[in-house]
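Everything below concerns the one structure shown next.
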Amino acid sequence: MAALGLAAAMQAQVRMNQVGLSPRQEKVATVEGVVKASQVKILDAKTGRQVAKPRVLRVASSPFSAKRRTVVDFSQLSAEGDYVVAVGKHRQPFSIRQQPLREVSRGALKAFYLVRSGMPIEAQYAGEWARPKGHADEQVRVHPSAASPGRPAGSVVSSTGGWYDAGDYNKYVVNSSYSIGLMLCAYEQQAYFRQLNVGIPESGNQTADLLDEMMYNLRWLLTMQDAWDGGVYHKLTTPSFEAFIMPADCRQQRYVVAKSTAATLDFAAVMAQAARLMEGNKDYPAFAEQARRAALAAYHWAEQNPQVLYRQDAMNEAYQPAVTTGAYGDSFLDDEWYWAATELYLLSGDGKFLRDAEQRQPKAFHAPSWASVAALGAYEWLTLKPETALVQTCRSQLLAYADSLLKAVEGSCFQSPSGNGKGDFGWGCLGGSFCSTGVALLFAHQLTGDERYLTAARENADYVLGRNALGYCFVTGFGTKSPQHPHHRISEADAIEKPFPGLLVGGPNPGQQDKKDVKTAYRSNLPDESYLDVVDSYASNEIAINWNAELVALVGWLDALD
């Protein structure tokens, strides 16, 4: 640990992407404080010879404090190799190589295999992170809040498979649906994802590894639909969070809990999307038709139950056992209707769904999140022809949003479109404010060919991978300084010093909702520095499948373009 501390101290002055840079991309570093260009050296790592003279883009003031930082550019350096940015005694190594994001792209997708529920994770695919099967979920109880005439309270259902959602061991329909939906959007746009091999049990079949991984969770999602009426349970959960123990050691009874309109519409959307993409697939020959029927049944249930909200506190007043795990509550459902109607129209061609989508089209574009999924519908419309009014509106809204992001780079301390206002930081910001926003910029680039949008998407990736106020590469297992103690039960309980690789942590969160629970006090209240690399910091250091999905979409797409 002493060596790690020394290394971190040596790098403290320089912030930059620690994973690697492409020969063709913009190359920028941020230096803490005010320095002249002549004080920043770009050196060959082997010879120590200076290989580039950076220029100062700006001296920028933090929007949150009196700190000043110097942004330097050395984009003229394009030769592949290993280098060092040197400022006085401070050193930050970096490399330039073809497809520098390939391994972090593979690692981010492989992480979904590592968090699979209900199967042994094998050493052949997981190495030292192999573990025995946990949470078979073959004896799940129907919670009283979820009872129907066909499945009364206390009934036993099988709901095997799926991914653990976050640092906990529960499985949530809204977040699973969003995560799959975003990754399938990226898959549709880039053939790269059809060839990406990450080494999972299904590798080598006739299906892309990304689709194989999605199928592991999609088949679990199918078990969350009540066949009696088509409604979808909000989540599969224990009443309270498990302790920090391994999955195989967990003993709490698990329940399917309360149907909700949000979960049912998200389910309808992703099932329709997956049915379309899996049509004719030889490895999963029955799935497309099964998913199509499930999507239609779910949409019909939602039409009959258009405003059934998941309200956990009210549920606990009415039913026992009380449930205190993640709520994923959502009171605004127009975006879920829009996404579901869009996907069902693309699947079926039925004008009813087109009319439903037109009625729910949002007034502006926002990068998607689990609670705001309209952009997943917009992404589908962007490339469709003919250019109907709906399609044209989607395009103009996206480009207006992307242009607003470009303007933010001009005064940025870290040469990034995100991270320049307090609102960019909070729970899961590295996924939502940086990766998801970066994907939106990539769609803008795909639509227009304007390289400025691609550069801005790379800049957000550079922020996540090290060019930020804390100098962290926020993806476990990558970079010269990455999180070592994420809020993740398996990583904490498995007796392996290193955490699972490829996990994106939530990131700086000035809300500090966990400050009464963490043993280590936050060192800063500044929005972009309010982060703790300790296992009990669930507000800043938890992991989650939606953030990893956003990472997969961003770095995989960027790797494809390299």
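The values are calculated or read from the model by the stated rules, or taken from the named source; none is laboratory data. As the structure is a computational prediction, the values presented were derived from the model and not from experiment. FYI the Cβ positions are ideal-geometry reconstructions off the backbone, even for glycines, and counts take in every protein chain you see. We work out accessible area using only protein heavy atoms, side chains counted, and drop any ligands, DNA or RNA first. Shrake-Rupley method; radii C 1.70, N 1.55, O 1.52, S 1.80 Å.
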Practice prompt. May I ask you to list pairs of residues, at least six apart or on different chains, whose Cβ atoms are under 6 Å apart, with the first in segment 100-121 being polar (S, T, N, Q) and the second being open to solvent by less than 20 Å² (accessible area, probe 1.4 Å) and assigned to a helix (DSSP H, G or I)?
Written response: S105/V555; S105/G556; S105/D559
Worksheet item: Which number in (1) assigned to a helix (DSSP H, G or I); (2) touching a residue at least 60 places away in the same chain (Cβ under 8 Å); (3) touching a strand residue (DSSP E or B) at 6+ places or on another chain (Cβ under 8 Å); (4) not β-branched (V, I, T) marks the one condition that Q290 misses?
Response: (3)
Item to complete: Name every residue in segment 38-83 that is outside any strand (DSSP E or B), within 26 Å of E529 (Cβ to Cβ) and more than 34 Å from the chain's Cα centre (by Cα), in order of residue number.
Response: Q39
Response to the item:
Taking first residues from segment 33-44 that are more than 13 Å from L57 (Cβ to Cβ) and second residues anywhere that are in a loop (DSSP other than H, G, I, E, B) and of a type in the set (A, V, I, L, M), the pairs with Cβ under 7 Å that are 6 or more apart or on different chains are I42/L77
Worksheet item: When residues of segment 135-167 are filtered for being surrounded by fewer than 24 Cβ atoms within 10 Å (Cβ to Cβ) and touching a Gly at 6+ places or on another chain (Cβ under 7 Å), how many remain?
Response: 6
Discussion item. Just to check your reading of the model, which residue among S38, S78, S61 is open to solvent by 40 Å² or more (accessible area, probe 1.4 Å), among the polar types (S, T, N, Q) and closer than 14 Å to S412 by Cβ?
Written reply: S61
Worksheet entry | Set L101, L109: member being surrounded by 19 or more Cβ atoms within 10 Å (Cβ to Cβ), modelled with pLDDT of 95 or more and touching a Ser or Thr at 6+ places or on another chain (Cβ under 9 Å) | L101
Worksheet item: Taking segment 293-317 as the region of interest, how many residues are farther than 23 Å from G349 by Cβ, open to solvent by 20 Å² or more (accessible area, probe 1.4 Å) and assigned to a helix (DSSP H, G or I)?
Response: 6
Worksheet item: Does Q359 count as more than 28 Å from the chain's Cα centre (by Cα), within 22 Å of V257 (Cβ to Cβ), modelled with pLDDT of 95 or more and open to solvent by 40 Å² or more (accessible area, probe 1.4 Å)?
Response: no
Discussion item. I'd like the full set of residues that are at pLDDT 95 or above and out of contact with any strand residue (DSSP E or B) (no Cβ under 8 Å at 6 or more places or on another chain), limited to segment 60-96.
Written reply: P63, F64, S65, A66
Response to the item:
Residues of segment 381-413 being outside any helix (DSSP H, G or I), of a type in the set (D, E, K, R) and under 26 Å from the mean Cα position of the chain (by Cα), in sequence order, are none
Worksheet item: Of all residues in segment 275-325, which are among the aliphatic types (A, V, I, L, M) and under 26 Å from the mean Cα position of the chain (by Cα)?
Response: A275, L277, M278, A288, A291, A294, A295, A298, L309, V323
Response to the item:
Counting only residues in segment 185-196 that are under 15 Å from S105 (Cα atoms) and among the hydrophobic types (A, V, I, L, M, F, W, C), the one nearest to the chain's Cα centre (by Cα) is identified as A186
Worksheet item: Can G471 be described as closer than 28 Å to Q190 by Cα and surrounded by 21 or more Cβ atoms within 10 Å (Cβ to Cβ)?
Response: no
Worksheet item: From the list M246, M278, which one is open to solvent by less than 10 Å² (accessible area, probe 1.4 Å) and of a type in the set (A, V, I, L, M)?
Response: M278
Worksheet entry | Subset of segment 138-179 [more than 30 Å from P368 (Cβ to Cβ) and in a loop (DSSP other than H, G, I, E, B)] | E138, Q139, A147, P149, G150, P152, A153, G154, S155, S158
Practice prompt. Being assigned to a strand (DSSP E or B) and open to solvent by 20 Å² or more (accessible area, probe 1.4 Å) is the filter; apply it to segment 84-93 and report the residue that is nearest to G48 (Cα to Cα).
Written response: V84
Worksheet item: Considering only segment 372-407, how many residues are among the hydroxyl-bearing types (S, T, Y) and surrounded by fewer than 17 Cβ atoms within 10 Å (Cβ to Cβ)?
Response: 4
